[in-house]
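Engineer: Could you have a look at this structure, given as structure tokens, before my questions?
Derivation of every value follows stated rules applied to the coordinates shown; laboratory data play no part. This one's a predicted model, so the numbers in the text were calculated from it and none came from an experiment. In this analysis, Cβ positions are derived from the backbone assuming ideal geometry, glycine residues included, and neighbour counts consider all displayed protein chains.
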Amino acid sequence: MKTQNIKIFEPGTKPNKYKLSTKEHPLINEIATSEVMFLNRDANSETMLTNYLRSNPFLYNPDNSKVVVDTIEDFIIKAKKEEVAFGDTLRNPKYTPKQRKRFIKKAFKIWKHEYNEKKNKTFKENDKVIEVIGEASYMEYTWKTKIFLFITFVSLLFLVITDSIVWNALKQGTFGYSIYKSITVMYENMHWLKIVGNIGIYICLILIFYSTIYSFIIKDFRKNYKLAQSFLTNSEVSISRDFNKKYKKARKYYLKRVDDRKYPFFPPLDIKEVQEGKINIRIFNEICSVTIDRAYIMKKSKPYITAFNSILKFSGYACAIVIVGLSLYSIIQSFFS
């Protein structure tokens with residue numbers, strides 16, 4: 001690649017006049033216009049590069065961008081009804097210092113407006129979706145429900161499984177034997193009761209495991225959902241603060257140096273000074289989308305989960321009521337017979 005000589009101009013004796021510099025400039029490599037190189041450079045890549053450089057340097061993110069940019073001065077702005085690189089408006093001698101200041105103010109004003117417009121649009125759209133979905137709601141198993149479920153399960157085991165160690169111990173006594181005899185006679189007269197009892201035991205067992213696993217899932221979801229909401233709230237402030245800090249610093253840098261006659265050959269501002277930080281609009285949007293999706297799935301699945309839970313509870317408690325009720329009836333009847 002043939003190297004071209006770069007001419008450096010410095011302020012002349014008359015206002016708005018420049019003369020060819022004869023001094024040595026050690027920063028020549030820094031202020032030289034950077035050129036983005038592609039492995040397969042063609043018309044398409046050139047078009048992609050040009051289109052990208054028409055965008056906003058404050059929205060540049062090297063992690064997801066297909067274009068490599070070194071400095072803010074690579075980005076294209078409009079100057080006198082023509083598109084030129086931002087750096088060219090600062091260093092081309094055909095533009096006066098007054099014009100350069102106007103270009104800087106206009107470029108930064110447009111970049112700020114574009115950035116805030118995209119940021120506000122993202123925040124508002126996500127807020128609207130969250131508002132439509134509403135607060136994440138879910139079914140909960142209270143401790144009272146879990147205790148009552150466990151008592152029901154133990155009662156069914158006790159009344160249905162009559163050949164257990166507990167019954168073998170209880171029936172040794174006269175009172176225990178009379179209760180045992182009345183229950184066994186009940187099952188002999190109504191064989192279907194054993195089936196009902198066994199079904200009730202399995203349903204209660206399923207409910208116990210289901211409630212335990214579901215409680216862990218909901219606890220984890222609730223924790224992550226609140227953390228995500230807190231992150232989104234804090235990130236709005238963080239993103240705005242980070243942008244304002246970089247914007248003011250970059251704008252001040254160029255406005256201060258563009259008219260500095262003592263040192264007119266200032267280096268371009270590195271793109272790292274203005275590019276998006278780790279917490280940026282894209283990350284905010286992705287986390288918000290994931291949070292909304294999870295909340296939506298939870299809200300959409302709640303009716304099915306509630307219905308399934310209600311069917312299991314109704315079936316289990318119905319079986320328990322039948323077994324306990326008929327067992328008490330048989331025991332009381334045996335006392336008066």
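Engineer: Under the Karplus relation 6.51 cos²θ - 1.76 cosθ + 1.60, θ = phi - 60°, what is the ordered set of whole-Hz ³J(HN,Hα) values for region 144-149, x standing for Gly and Pro?
Structural biologist: 5, 5, 5, 5, 5, 5
Engineer: What trypsin sites (Lys or Arg not before Pro) does region 272-320 have in DSSP loop regions with at most 14 other beta carbons within 10 Å?
Structural biologist: 278
Engineer: Give me the net charge for the shell around residue 161: Cβ to Cβ below 14 angstrom, other residues only, Lys and Arg +1, Asp and Glu -1.
Structural biologist: +1
Engineer: Using modelled amide H (1.01 Å from N, peptide plane; none on Pro or chain starts), what sits under 5 Å from the amide H of residue 55, excluding residues fewer than 5 places away?
Structural biologist: 76
Engineer: Can you list which of the trypsin sites (Lys or Arg not before Pro) found in region 170-270 are DSSP loop residues with at most 15 other C-beta atoms within 10 Å?
Structural biologist: Filter output for region 170-270: 261, 262.
Engineer: Let me ask something additional. I'd like the Karplus ³J(HN,Hα) series for region 279-287: coefficients 6.51, -1.76, 1.60, θ = phi - 60°, whole numbers in Hz, and an x wherever there's a Gly or Pro.
Structural biologist: These are the phi-based 3J(HN,Hα) values: 9, 9, 4, 5, 4, 4, 5, 5, 5 Hz.
Engineer: While we're on this one: For residue 79, enumerate residues with amide H under 5 Å from its amide H, sequence gap 5+ or separate chain, H modeled in the peptide plane.
Structural biologist: The list, which skips near neighbours in sequence, is 84.
Engineer: Among 80-92, 319-331, what's the highest-first ranking by average C-beta atoms within 10 angstrom per residue?
Structural biologist: The peptides rank, most packed first, as 319-331, 80-92.
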